[in-house]
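The structure appears below as structure tokens.
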Amino acid sequence: KPVGAKVELVDLPLREDLRGRTPYGAPQLDVPVRLNTNENPYPPTPALVQDVVREVAAIAGELHRYPDRDAVVLREDLAAYLASSTGVPLTSANLWAANGSNEVLQQILQAFGGPGRSALGFEPSYSMHPIIAAGTRTEWAPTPRRADFSLDVARAAETIAERAPDVVFVTSPNNPTGQSLPVADLRVLIEAAPGMVVVDEAYAEFSSRESAVVLLEDYPAKLIVSRTMSKAFAFAGGRLGYLAAAPAVVDALQLVRLPYHLSALTQAAARASLRHAAETLGSVAKLAAERDRVMGSLAGLGFSVVPSDANFVLFGWFEDTRAAWRAYLERGVLIRDVGIAGHLRVTVGTPEENDAFLAASKEVGR
Ligand code: PMP
């Protein structure tokens, strides 16, 4: 037994509002086919690996010094990438970066949410939004999507106007359901919002829609677009999330960020990874085509499939979701029970992994 194990969580003077809560917990299991956390299945190329090693070696002799606190050069590189992919002339002043977009989202709620304030999201959506709200003591206002998981934009705008949350989260493409919103719909939601609107674009590269970044010029006091290198960029282990917003929003986040939050190693590795964007993002079209194949095959097997614009697919219907999840696991395929009745979510993997998943699906049935 570890030292101190006689004390249990209930014995600690934990904040009342955190009692009884469960932490984020996607299982990390050692199975042959891991399709449960929406990662890019393709590892970095040897050229990218070499570049990361070279960059890290170059700074290793300076690790006695703190890193660039404002990560300016990395933000310049991120601005160049986002500007070229959206056509909006962003600069480093528009960009902010942290350890994964989860940290970016937390900083946003630390600055714009908090005690006495509220955040609204359209559920089912990314499970960390309410968890980060809880951690920052921001009141969470869950608002349902339609039964088919699409968003009734007119009703959503009414709800935003009625409830007047300090922060609205719009996930597009939405995790775990896969649908994305056109810019015209985002505009309606932003117009209705009295406070900040965070468009969480973790899966934007997989989507056929235009990015919300094109709206920044029109809504500089309201809009924040959150992105990550964890998905399309195949950099989940590197932990690099970022956002695009007006420079004043970046100033606001500086008030809550911890000094030197982005290590020199992270900054160097992320910059190396960005230099290889073209080759890494080459996998996006492949994954989108595989996604369409997986959706078609699942439908052919008689499953109901939620149309996806991302690198994962929500499907059902299972009488016993937990048992179905376990049946996949017994066949060496780890997918995700996201807590939606009758449904499971599968990440799109390599063609071989997807074949293994589809073969298991045939056996697991409905
Ligand atoms: N937003 C959404 C919608 C996500 O699905 C995820 C990852 N599951 C994240 C943000 C956070 O990813 P990261 O912290 O790795 O950038």
>> Give me the percent relative contact order of region 196-327, please, defined on Cα pairs under 8 angstrom at least 6 residues apart.
In response: 22
>> Which of the three applies to the chain, rounded, prolate or oblate, going by the alpha-carbon gyration tensor with a ≥ b ≥ c and a/c under 1.5 meaning rounded?
In response: rounded
> What whole number of Å gives the distance from the Cα centroid of region 220-297 to the Cα centroid of region 142-195?
Replying inline: 22
> Carbon and sulfur atoms: what percent of the 1.4 Å accessible area of the chain do they account for?
Replying inline: 54
> With a ≥ b ≥ c the root eigenvalues of the C-alpha gyration tensor of region 151-206, is it rounded (a/c under 1.5), prolate (a/b larger than b/c) or oblate?
Replying inline: prolate
>> Please state the shape class of region 99-180: rounded when a/c is under 1.5, otherwise prolate if a/b exceeds b/c and oblate if not, all from the C-alpha gyration tensor.
In response: oblate
>> Just to confirm, what accessible area per residue do you get for region 120-188 at 1.4 Å probe, in whole Å²?
In response: 39
> When only Cα pairs under 8 Å and 6 or more residues apart are kept, what is the percent relative contact order across region 165-232?
Replying inline: 36
> With each label point set 7 Å from Cα along the Cα-Cβ vector, what nm distance links ALA161 and GLU210?
Replying inline: 2.4
>> Considering only C-alpha atoms, what is the centroid distance from region 71-92 to region 18-60, in Å?
In response: 24
> For PHE312, which sequence-distant residues (separation of 5 or more, or a different chain) have an amide H within less than 5 Å of its own amide H, given hydrogens modelled in the peptide plane?
Replying inline: VAL348
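The values are calculated or read from the model by the stated rules, or taken from the named source; none is laboratory data. Everything quoted here is computed from the prediction, not taken from an experiment. Cβ sites come from the backbone with ideal geometry, for glycine too, and all protein chains shown count toward neighbours. Areas reflect the complete protein model, heavy atoms only, side chains present, ligands, DNA and RNA absent. Shrake-Rupley method; radii C 1.70, N 1.55, O 1.52, S 1.80 Å.
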